[in-house]
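Structure first, then comments.
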């Protein structure tokens, strides 16, 4: 198999070749549509991005089945190394591009994304986020983070350093570009804040009206300010995120508005690039674990599918194990996992980590599939554990919003339980920027927390008193 560098396709004609497919009943629909649930209630997947053979293609040659994020037929086993190396070369070449979609840390991986015309791409050079080495075995002060969780080789992939301050930009560039391609007239989402901020920014760039459904009084000020500043129209919803999600789905379906929540498969296609980029940053040497916060489960689904696909096409030798971390009292995915997947029951969520304060995650089935396929785990951590981990990240000068810190708290818990070994390599995903939730900033350094700083502060105060006396 020869994999050529993919140029952007010719717009709607390229998308017309794709289908949405239901993993539950096998029904399919055009991938240019605005409905993202099957009549049976299951969210659609993008046919060429589903893990394993899709129901719609079960009778086809297995060498031409769809893979989990495939933009081309899967190679035979003996061709995997060559295909992987070819793709790596394409991705590496684009690292030096300064302008255009190839400068994006999402569209760099265009061979693994839906084919779209360059003219329709809405991009802000998203992605390109840092991978911070913070393991206990590293030199410098950051090693304190690794020592805190007990891991020698630990990295923080900081998605909060995207243009609007969260990982949502990766999915939004793809889904908004599709909206332009199919000539959508307006876009909408339900949000705890980050999706709304990202949608508002990308819709403004695309020249599309944006509507965001927000749970009243439950959105952090920084995120709300972004949505307002970028020109989105706000719809306040009584209740929580899950209530807002139900309302926006109903409104979008009736009015034909293009929905940009992670129920939209194109959002997940963009979020898969988090995995591709961290693997490229590690020289295509996969870590043993990837650990991430879990709310609506879009990221768990997307990153897990990408890791599996990367192994399937020879980008890496083996997929890492995935650990999905929920907050206590916002943990329906964990409760299902702990019960052996025997049932799934939504909950009325309540956690101070607002970005994962979700009790009825849309991508449950997708997330379960990738946890099982990667021999992964699901864990829950308390708000106290989350904020203790956040304090470590903040004091290191890196910073993150509370939900992000669930990943580090999860690493600590799994290491303590012996599930993650101290010598294994771990990447923890930070999903949002420190300034996203200023109401939850780590407090000022207290006396005794940093003795060297305390001594210096006393010396400064003494010096200032002497100067005042003169």
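The values are calculated or read from the model by the stated rules, or taken from the named source; none is laboratory data. Quantities reported herein were computed from a predicted structural model and do not represent experimental measurements. Glycine gets a Cβ as well: all are built from the backbone with ideal geometry, and neighbour counts include every protein chain shown.
Can you tell me how many residues within the stretch 254-310 are out of contact with any helix residue (DSSP H, G or I) (no Cβ under 7 Å at 6 or more places or on another chain) and closer than 27 Å to residue 386 by Cα?
Residues in the stretch 254-310 being out of contact with any helix residue (DSSP H, G or I) (no Cβ under 7 Å at 6 or more places or on another chain) and closer than 27 Å to residue 386 by Cα: 9 in total.
Of all residues in the stretch 402-445, count the ones that are more than 18 Å from the chain's Cα centre (by Cα) and outside any helix (DSSP H, G or I).
So the answer is 14.
Search the stretch 343-353 for residues being closer than 15 Å to residue 218 by Cβ and either assigned by TED's automatic domain parsing to the domain that holds residue 219 or touching a residue at least 24 places away in the same chain (Cβ under 8 Å) (or both), and hand back the single one that is surrounded by the most Cβ atoms within 10 Å (Cβ to Cβ).
353
For the stretch 201-211, how many residues meet the condition of being over 18 Å from the mean Cα position of the chain (by Cα) and part of a helix (DSSP H, G or I)?
The number of residues fulfilling the criteria is 4.
Examine the stretch 337-352 for a residue that is outside any loop (DSSP other than H, G, I, E, B) and within 26 Å of residue 423 (Cβ to Cβ), and state whether such a residue exists.
Quick first cut of the stretch 337-352, residues outside any loop (DSSP other than H, G, I, E, B) only: 337-338.
Imposing the further condition that a residue be within 26 Å of residue 423 (Cβ to Cβ) reduces the set to 337.
Checked the stretch 337-352: at least one residue is outside any loop (DSSP other than H, G, I, E, B) and within 26 Å of residue 423 (Cβ to Cβ).
In the stretch 354-396, how many are part of a loop (DSSP other than H, G, I, E, B), under 20 Å from residue 409 (Cβ atoms) and free of Cβ contacts under 8 Å to residues at least 60 places away in the same chain?
1
Can you say whether residue 323 is surrounded by fewer than 24 Cβ atoms within 10 Å (Cβ to Cβ), more than 30 Å from residue 32 (Cβ to Cβ) and assigned by TED's automatic domain parsing to the domain that holds residue 430, as far as the supplied structure shows?
Considered against the rule, which asks whether it is surrounded by fewer than 24 Cβ atoms within 10 Å (Cβ to Cβ), more than 30 Å from residue 32 (Cβ to Cβ) and assigned by TED's automatic domain parsing to the domain that holds residue 430, residue 323 comes out as no.
Looking at the stretch 202-218, which of its residues are in contact with a strand residue (DSSP E or B) (Cβ under 9 Å, 6 or more places away or on another chain) and touching a residue at least 60 places away in the same chain (Cβ under 8 Å)?
Listed by number, the residues that qualify are 202, 206.
Residues that are closer than 26 Å to residue 133 by Cβ and without any contact (Cβ under 8 Å) to a residue 60 or more places away in the chain: find the helices (runs of 4 or more DSSP H) completely inside the stretch 231-318 holding 1 or more of those.
Working: elements: 241-255, 265-271, 273-281, 298-312.
Per the criteria, 273-281, 298-312.
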